[in-house]
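Colleague: Take this structure, written in structure tokens, and hold onto it; I'll ask about it next.
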Amino acid sequence: MQDHLRHVEKDVLIPKIMREKARERCSDHVQDFTKCCKDSGFLMVVKCRKENSALKECLTAHYRNPDFYEECKMEYLKEREEFRKTGIHSKNRLQKLPTNI
């Protein structure tokens, strides 16, 4: 597996994976904040500070974790390698399977 990363891979594509995975891992905080916002309407800025702070803290902890970055980088490199072999993006590969098997 080739480890050389282009600027767009380091600064855009890997951070995108990190955001998606961090949101999954902080899903309780995401749900709490979302529920608070729905329940509070226009007052959410004031009423949901605690939930917003907890969510930001959880996400930031993941973003600053070098092991988490490496995990996401390896996932990206694996997807990139698979794309180079097949020419099909990993998300599309699952959708393109024949349904009449």
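Colleague: HIS89 to LYS10: extension gain in nm, 0.36 nm per residue of separation minus the Cα-Cα distance?
Modeller: Stretched out fully, the HIS89 to LYS10 stretch lengthens by 26.6 nm.
Colleague: Residue farthest toward the positive end of the dipole of region 7-95, with Cβ of Lys/Arg at +1 and Asp/Glu at -1: which of ALA61, VAL12, CYS72?
Modeller: Result: VAL12, furthest along the dipole toward the positive end.
Colleague: Report, in debye and to the nearest 20, how large the dipole of the chain comes out about its Cα centre when Lys and Arg carry +1 and Asp and Glu carry -1 on their Cβ.
Modeller: For the chain, the charge dipole is close to 340 debye.
Colleague: Can you match volume of the Cα convex hull per residue in Å³ to one of these, (i) 158; (ii) 123; (iii) 144, based on a calculation from the structure here?
Modeller: Label (i) holds the value from this structure.
Colleague: Between GLU82 and ARG64, what is 0.36 nm times their sequence separation minus the Cα-Cα distance? Round to one decimal in nm. Mind dumping the intermediate values first?
Modeller: Working: separation 18, 0.36 × 18 = 6.48 nm, distance 2.76 nm.
Between GLU82 and ARG64, full extension yields an extra 3.7 nm.
Colleague: Please list, ordered by chain and number, the residues whose modelled amide H lies under 5 Å from the amide H of ASN65; skip anything fewer than 5 residues away on the same chain.
Modeller: none
Colleague: Remind me, relative contact order of the chain in percent, using alpha carbon pairs under 8 angstrom and six or more residues apart? Before the final figure, lay out each step's value.
Modeller: Working: 54 pairs, mean separation 32.3, N = 101.
In percent, rounded to a whole number, it is 32.
Colleague: Given a cut-off of 24 Å, name the pairs among LYS10/LYS50; LYS16/LYS50; LYS21/LYS78; LYS10/LYS38 whose C-alpha atoms lie farther apart than that in the structure shown.
Modeller: LYS10/LYS50; LYS16/LYS50; LYS10/LYS38
Rule-based calculations on the coordinates, nothing more; no lab input. Every value quoted in this text rests on a predicted model; they were computed, and no experiment measured them. Here the Cβ is made from the backbone with ideal geometry for all residues, glycine too, and neighbour counts use every protein chain on show.
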